[in-house]
1. In terms of the ratio Rg/(2.2 N^0.38 Å) built on C-alpha atoms, what value belongs to the protein assembly as shown?
2. Determine the order of B:Lys358, B:Lys72 by accessible area, beginning with the largest, at a probe radius of 1.4 Å.
3. What are the residues of region A:86-106 that lose 30 Å² or more of accessible area, with a 1.4 Å probe, going from their chain alone to all protein chains?
4. Kirkwood hydrodynamic radius of region B:275-390 from all distinct Cα pairs, in Å?
5. For region A:308-402, divide the Cα radius of gyration by the Kirkwood radius and give the resulting Rg/Rh value with two decimals.
6. Going by average Cβ neighbours within 10 Å, how do the peptides B:369-380, A:351-362 rank, with the highest at the top?
7. In what order, largest first, do A:Ser180, A:Ser82, A:Ser300 sit by accessible area if the probe radius is 1.4 Å?
8. Given a cut-off of 28 Å, what percent of all Cα-Cα pairs of region A:77-356 lie beyond it?
Amino acid sequence: MNAKLIGAITLALLSQPTLAQDLVVRGERVHTVSGAVIDNGIVVVKAGKIVAVGNERQVQPPGGVRTLSAKVVTPGLIDAHSVIGLAGYLNQPQDQDQHDPTGPIQPELRAIDAYNARERLVEWVRGFGVTTLHTGHGPQALVSGQTMVVKTRGETIDEAVLVPRAMIAATLGAASRTKSPGTAGKQISMLREALIGAQEYQRKLRAAGDDAAARPERDLRKEALVDVLERKTPLLVTAHRHQDIVSALRLASEFGFQLVLDGASEAYVVIDELRLAKVPVIVHPPMARFVEELENASRSTYRKLADANIAFTLQSGYESYVPKTRVILYEAGVAAAYGLGAERALRSITLDAAKILGLDARLGSLEVGKDGDLALYDGDPFEYASHCIGTVIEGVPVFEGSR
Amino acid sequence: MRTLARSLTLALLAAAAVAQELPHAFVGARVLPVSGPPLEDGVIVVQFGRVRAVGVRAAVEVPASAKVVDVKGKVLMPGLVDTHSHVGGGWGADSSAPIQPDVRMLDAINCRDAGLQRAQAGGITTINVMSGSGHLMSGQTIYLKNRDARTIEEQCYRFPDGTPMGGMKMANGTNSQQDPPFPGTRGKSAALVRERFLAAQEYKRKLDAAAGDPTKLPARDLGHEAMLEILAGQRIVHHHTHRHDDIVTVLRLSKEFGFRVVLHHVSEAWKVADEIAAANAACSLIVLDTPGGKLEAMDFDARSAAELERLGRPDLVGFHTDDWITDSRLFLRSAALAVRAGVSRETALAGLTLNAAKMLDLQERVGSLEPGKDADFLVLSGDPLSTYTRVEQTWVEGSKVFDLANEADRLWAEGGWGAGLARAGALCCVGEAVK
């Protein structure tokens, strides 16, 4: 990093008025994730964006700007797959909007129409340094609906939302089995039929061109799937059994959509297939219950995927009971202890997660130009006895305390 | 050790017997006896399945005949006592009635269930296995020594007369409310429980009046017999309760009928810590990552342990896994998160061991590393309250039942192909002898 240049920028900033989204964060250890750890580091956020990162010799913090200090500073954490905000902490029918059981394939259900920005679970994970959530419809139907990316801030969806439609959530295996689809074969058959229907709709749209009169009637369901076919929206496929994982790869190969694999508790037996298909994996939480479809899950999967150079991250996932959500900070700590290592575990829930969500230009590391999203800790973030003492989104402290 | 060739099992059994007779000295570790302060460069001598000596190296005489095991750089602590678990796949009461004290977990548990192996991988050597909270009284719990057993008979703790030890599972709050004959309200729940205790008292009066005369004895009633064990103080009530008002109701009923009770889960203990302390009621706490998930856990807070400690009652603090609510392999984590919420390290560790043993009347046998107690201990890679620490070995009565260096055992610790299957092998095991 060019220290002179940073200094010049900082001086230039000094002459501008201070905004609510201006902040200086000092850390005894600053984990930039994209580069080396900085001892006695300083991060300067101006108008919500990072404008300087470095040590005390490299960065002259502007005066008159609020300063937060912590032992350890990291990028804001990214939970690459959650359902909170749609699923609420009461776990009563009125606060469970992550799954509508009236149909097996409902890609038209938008997450933005169902998100409760004031949900206590959102407030809860924010207190652990989580600044970004990929959340939405849950892994409980063949196609349960859309997902989105939000920042863990705001009182309305509009204040929170970053990507209104991130992916479309599909689920194979037992979790989406009903009277019909009642088997694995039927699940894939129904998905293929839906995608073929969307291809037909796509052909009609293309044939009509600009001729509004010739266009087929609008069909929200097919519109959503056309965007999957056109690789505008990835299909997030939750699959745990190895045969379901391979089915997802087969489906992606047939229709050419962008596949993001989710859950994947038996991924370690199809490593070669995953590497060949270049499919990113959002792996189950390491503290997920290893029962039923997860009976063969392993806490060594993270290390194995890392060693195979397969893009992966962790997730808090979906929980139907207690605890109603997992906390990605805790999950990454366990992954670290079971062979992934602390450095890689942190990268996995920051920069690697941002890449899988296609947001690494904005999120995931402490670099000039990125969003001023930070998490502050009073010790090693993964140590049980440490606390998150601050969470910052785009320069604004959204949590201060000790959790 | 379950992958060891079966043909070697008999030889191993013989070796184990020898190992028990030969003293073993584990030297050089940081030893956390729980009953006393940490010992740097400590020594534990084990023989005949019991702890023979514990102390710093200079203070402990290692017998010349002892096999010396170098555990320098490791941390040793007592085996963990899980006061509330559902491992073993057993079901108790069957929803035909809300109160079923006659039903025993003893008759229901699969002692080869993978859950018991995972518990070994988590360092759990004593387990109170119980049925669920869907009844006001769902049956008798069982206290298990988590050795590799062929049958449940080999696994249970026993009174001197050979009777298996256990408590009684009770519950109030929302889980035990259902359609009739179950209660629909909290008031009805308490009334049904009071009626049942009164009936047991009446049964006792008839028994006493008969004074052993068989012609006057009332007909045997398995439920009442178990209730009488509660009233006599030899069967502790393990009571599921979350909300502050439900907790206070348990204390009220305990006082009315004079039964010994351990409060379980106690999500809102922090709201009524004064009342709990005054009632001298031990708390087996659940530690959750997140509040909610059910109405009665809305105000769960991990600071309950710290609140009891602040009131001068660290002795009332214990923890449990409630496996599968939390994972037996990560039981140490429950105490660590209580430290995060303000309790001292000492209380946290006691809550996993000695305090927990007291909740099962097993404090004379387990819960600390003291001469004469069972040689149930763990070899840890580091501090028990660190995220990065792994349980490397679990020893039960001087036999190693889990070793992370063993590939088959690692499967229980980390998961992987086949990890969900029950333990196989008809002759296996009494634990692996020191070789």
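1. This ratio for the protein assembly as shown stands at 1.02.
2. On the way: B:Lys358 90, B:Lys72 150 Å².
Sorted by accessible area, descending: B:Lys72, B:Lys358.
3. So the qualifying set is A:Tyr89, A:Leu90, A:Gln92.
4. On the way: mean 1/r = 0.0676 Å⁻¹.
Radius from the Kirkwood sum: 14.8 Å.
5. On the way: Rg = 14.0 Å, Rh = 14.4 Å.
Result: Rg/Rh = 0.97.
6. Values: B:369-380: 22.7, A:351-362: 21.0.
Going from most to least packed, we get B:369-380, A:351-362.
7. A:Ser180, A:Ser300, A:Ser82
8. Details: 12784 of 39060 pairs.
Pairs farther apart than 28 Å: 33 percent.
The values are calculated or read from the model by the stated rules, or taken from the named source; none is laboratory data. Only a predicted model underlies this, so the values are computations on that prediction, with no experimental measurement involved. As a convention, Cβ positions derive from the backbone with ideal geometry for all residues, glycine included, and neighbour counts pool all protein chains shown. Heavy atoms of the whole protein, side chains included, go into the accessibility calculation; ligands, DNA and RNA do not. Shrake-Rupley method; radii C 1.70, N 1.55, O 1.52, S 1.80 Å.
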